[in-house]
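One structure below.
Taken together, the values in this text are just the output of simple stated rules run on the coordinates, not laboratory data. These numbers were taken from a predicted model, which means no experiment stands behind them. No Cβ is skipped: glycine too gets one built from the backbone with ideal geometry, and neighbour counts run over all protein chains shown.
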Amino acid sequence: MKYGYFNDNEKEYVITNPKTPYPWINYLGTQDYLSLVSNTAGGYSFYKDARLRRLTRYRYNNTPIDNEGRYYYIKDGDTIWNPGWKPTKTKLDNYECRHGLGYTKIIGEKNNISSEVTFFVPRDFNGEVHKMVIKNNSDSVKNLKIFSYIEFCFWNASDDMLNFQRNLSTGEVEVDNSVIYHKTEYRERRNHYSFFSVNKNIAGFDTDKHAFLGLYNDVDSPDVVNDGKATNSKANGWSPIASHYIELELKPNEETDLIFILGYVENDQKNKFNKDGSINKDKAKKMCEKFDTLEKTNSALNELKNFWENLLSKFNISSGDENLDRMVNIWNQYQCMITFNLSRSASYFESGIGRGMGFRDSNQDIIGFVHQIPENARERLIDIAKTQFKDGGCYHQYQPLTKKGNSDIGGDFNDDPLWLIFATIAYLKETKDFTLLEEIIPFDDSDNNHKMLDHLKASFYHVLNNRGPHGLPLIGRADWNDCLNLNCYSENPDESFQTTTNSEGKTAESVLIAAMFVYIGKDYKELLDYLDLNDQAKEIQKHIENMEKAIVKDGFDGDWFLRAYDSNGDKVGSKENDEGKIYIETQGFCVMANIGKELGLASKALKSVKKYLDTEYGIVLLNPPYSKYRLNLGEVSSYPPGYKENAGIFCHNNPWVIMAETNEGMGDEAFEHYKKIAPSYSEDISDIHKTEPYVYSQMIAGKDAKTHGEAKNSWLTGTASWNFVAITQSILGIKPYYDGLIIDPCIPKNISKYTVNRMFRGSKYVIEIHNPKNVCSGVKKINVNGKNIDGNKIVIDQNTKNTKKVYNVKVELG
Ligand code: BGC
């Protein structure tokens, strides 16, 4: 069953039934000001950091779900309704929610009144604009009462929910004409406030939640709206809100607009207050002026649309498969930007309080985003590197506002350092900006000058210096699989699996980190050679070879790669185990790294994936699931069978298998696996899938779950960037390299032609791929601007760099 449809021309998903199986959301903002908005206008907003600078309140796990947002109530006689259906849930004559790139338009119609609210964050603006256009489609005059509603958060979203003995007494607002200012804690150490404005005169306002709603009412039935009159309440403590009351008279067919702005302002210390002690509102006033007319607002919306148009023009394809085209051209790239901006912090499955930016997560997010705005990726790499320690270890997470490592979580996730090498190389292959390697970036625990290149070295040697009895890397608290906690041994439910360590940690080894070491290490060695650091490269090569040998000797289990050794030195992910016999991660990564290829290990591993892990909705993480909690394994065995890391379809590492399959020339299988999890292909089963059909989810319940096929944790997942790399580089075969573009497709045999438009180093490459013999892979010839070239790399002509040349490339497979 579907709840809407894709409108590819407008780059929108149009929801036509408000009762989606879960709130289907969108993100507003591409820079510092960010918002989440659901298909019924639920959600919240923040500046830079969802924990430390939260503007509006949200109550998680609420009943009913998603009961907080930016609401507009329309009172038309005795009928009260919202354009987004919620919270009144008055039945609408027409409803549409159009989630587009950086904006959401919600259209509601009731009793011949139509209301269209477009929510967006203009470029270079610390606020969100809600453009409301209301039209009277009837043949009589209508007198309408409009009430806006948002609830303010006291900035630190965690403290806001917990410390209400204080917070119920600190709330303060100011009202100045049509602008309501939220200034809690501005009197003391904060130099920021927020405001909610409208570009029309108002007939009243409310700023006290209980006055607006009535103490015992929910947002679906506010007293003020029911009475049809604002109370002009001023919040003193309790819960400050902002509600404008506007009276409108609309003649038949008359249309009018109301432009609301929810903004964030920072003042410097000496300009905080006016003489009379009120807050300095200059900046807010300027912000209101920016969008006080429909023309100005529409032009900012167009500017935002052009911004996206331009970004997406950097990579797009035409394949004849509409699902594939819209995933690659629109939604996958959009999701890559969102994951880059938010890491795993704020979604409808992440509170915005628990996690900041993840070291491994943010590095991986870069690989699918770097072609869009490489400068932002560069800045992020520097921020991440700053949270690394001298010995190569690092903080697992950091706060986006302070950019400081989060000491509650600490480090010792031994895969983390390698992801920094991985992401840096992705950046260098896209840009050839080797100046990044010379940037001076201090380690968290040292003030000395160190270059980025030193950080990469420290990362590599951190793995090397922390190996166990089989010469394989020690796992530490966990590797990529945060739930494989082999040193945890926790019997206390009040302990976190991620931060508890009850074993010395000198035995448990990770075959995944070993495979990453080989895969990423090979690229690292190649980079050092490229930089003429040949001695270092030789040294690296030796270590990689030794690690490969260790994996072949002690990391293969007969038909597939082992996953790990636990703290007792026993195998994990082995046929010797009664449960959890085979894991996906090492099958993907070891084959990607060509480990034991000549011995036939790769094909054996991939056959085992097919036999034991593949399902109709994707590849599960392990099999068979753990049926009971295992002290030696930790959180992985804590989930009920089929969910999350315990045999869920963890979408993040499905592309590792896809990329492994392309390594083996298996184009048909790789594309089948791609289609199983790419959400657009599952749109028809949205009732089973439940989460948004336009973005990847972290997890789909596996074959052992009671709800096989049901997805969770949509939006913020490394699945986005890995799948973008898998489809564009491994399947469609356009691989950026230091000195050019490598063309190396591995496609299903039945694709006979497709075109890729790729901006690369300032020039445009229009690449037509022809497959007359219906093969999966193998480039027979390449012609660039009428001339055949040798090999399958289009070498960048340094002289034409940034001259915006167009290269017409014809590729023949066969
Ligand atoms: C985390 C990742 C982790 C993955 C697998 C995600 O929730 O953000 O860091 O690799 O789970 O456990």
Expected unfolding gain across Thr63-Asn191 under the 0.36 nm per residue rule, minus the alpha-carbon gap, is 42.6 nm
Long-range amide H partners of Ile734 with built H, under 5 Å = Gln729, Asp744
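Evaluated at 10 °C with a viscosity of 1.306 mPa s, what Stokes-Einstein diffusion coefficient in µm²/s does region 130-208 have when Rh comes from the Kirkwood expression over alpha-carbon pairs? Write out the running numbers ahead of the final one.
Details: Rh = 15.2 Å.
So the translational diffusion coefficient is about 104 µm²/s.
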Cross-link table Lys290/Lys403; Lys538/Lys581; Lys644/Lys706; Lys553/Lys675; Lys644/Lys735; Lys432/Lys805, entries beyond 25 Å C-alpha to C-alpha | Lys290/Lys403; Lys538/Lys581; Lys553/Lys675; Lys644/Lys735
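Can you pull out the trypsin sites (Lys or Arg not before Pro) in region 620-723 whose DSSP state is coil and whose Cβ has at most 15 other Cβ atoms within 10 Å?
On the way: sites: Lys628, Arg630, Lys644, Lys675, Lys676, Lys690, Lys703, Lys706, Lys712; in loops: Lys628, Arg630, Lys644, Lys690, Lys703, Lys706.
Taking region 620-723 and a limit of 15 other Cβ atoms within 10 Å, the loop trypsin sites (Lys or Arg not before Pro) found are Lys628, Lys706.
Just to confirm the filter: which trypsin sites (Lys or Arg not before Pro) across region 172-201 are DSSP coil and have at most 11 other Cβ within 10 angstrom of their Cβ? Don't jump to the answer; show the numbers that get you there.
Numbers: sites: Lys183, Arg187, Arg189, Arg190, Lys200; in loops: Lys183, Arg187, Arg189, Arg190, Lys200.
Of the trypsin sites (Lys or Arg not before Pro), the ones in loops of region 172-201 whose Cβ has at most 11 other Cβ atoms within 10 Å are Arg189.
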Using alpha carbon centers only, region 671-694 is separated from region 302-361 by a whole-angstrom value of 17 Å
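Suppose a student asked you for the relative contact order of the chain, using Cα pairs under 8 Å spaced at least 6 residues apart; what percent would you report? Show your work: numbers first, answer last.
Values: 1936 pairs, mean separation 73.3, N = 814.
Relative contact order for the chain comes out at 9 percent.
For n ≥ 4 DSSP H runs only, could you compute -39500 (n - 2.57) per run for the chain, divide by its residues and tell me the 222 nm figure to the nearest 500? If you can, show how the numbers build up before the last one.
Working: 21 runs with 213 residues, N = 814.
The per-residue figure over the chain is -7500 deg cm²/dmol.
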Region 136-176 to region 731-796: how many Å between their Cα centroids?
-> 54 Å
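Could you sort out which of Lys522/Lys703; Lys11/Lys749; Lys200/Lys251 sit more than 27 Å apart by Cα distance in this structure? Please report the intermediate quantities before stating the final value.
Working: Lys522/Lys703 36 Å; Lys11/Lys749 29 Å; Lys200/Lys251 18 Å.
Listed pairs above 27 Å: Lys522/Lys703; Lys11/Lys749.
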Take the eigenvalues of the Cα gyration tensor for region 371-469, scale each by 5, and report the square roots as semi-axes in whole Å, largest first.
-> 21, 16, 13
Measuring from a point 7 Å past the Cα of Glu255 along Cα-to-C-beta, which residues in region 296-334 have an amide N at less than 19 Å?
-> 296-303
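Tell me, what is the Rg over Rh of region 655-774, with Rh the Kirkwood radius over Cα pairs?
Details: Rg = 16.1 Å, Rh = 15.7 Å.
Using Cα coordinates only, the ratio equals 1.03.
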Of the convex hull drawn through the C-alpha atoms of region 51-107, the volume per residue in Å³ is 117 Å³
Applying the Karplus parametrisation 6.51 cos²θ - 1.76 cosθ + 1.60 with θ = phi - 60° to the phi angles of region 530-538, what ³J(HN,Hα) value in whole Hz is obtained for each residue in order, glycine and proline being reported as x?
-> 4, 8, 6, 9, 5, 5, 4, 4, 4
Using every Cα-Cα pair within region 288-327, state what percent have a distance larger than 14 Å.
-> 62 percent
Beyond 18 Å, what share of the Cα-Cα pairs of region 257-401 remains, rounded to the nearest whole percent?
-> 72 percent
Determine which aspartates and glutamates satisfy two conditions relative to Lys404: a Cα distance under 17 Å, and not lying fewer than 8 residues away in the same chain.
-> Asp49, Asp361, Glu379, Asp383, Asp412, Asp416, Asp444, Asp445, Asp447
Rounded to the nearest 0.05, what FRET efficiency do Glu309 and Asp218 have when you use their Cβ-Cβ distance and R0 = 35 Å?
-> 0.30
Centroid-to-centroid separation of region 484-532 and region 547-581 [C-alpha atoms, Å] = 15 Å
Dipole moment magnitude, nearest 20 debye, the chain about Cα centre, only Lys, Arg, Asp, Glu C-beta charged | 1180 debye
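How high is the FRET efficiency from Glu616 to Lys286, r the C-beta distance, R0 56 Å, rounded to 0.05? Intermediate results must be reported in sequence, preceding the final value.
Details: r = 56 Å, r/R0 = 0.99.
Approximately 0.50, to the nearest 0.05.
Using the Kirkwood radius built from alpha carbon pairs, what does the Stokes-Einstein equation give as D for the chain at 25 °C and 0.890 mPa s, in µm² per second? Present the calculation step by step, with values, prior to reporting the outcome.
Working: Rh = 28.1 Å.
Rounded to a whole number, D works out at 87 µm²/s.
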Near the amide H of Tyr696, under 5 Å away, which other amide H atoms are found, from residues 5 or more places off or on another chain, if H is placed in the peptide plane?
-> Trp715
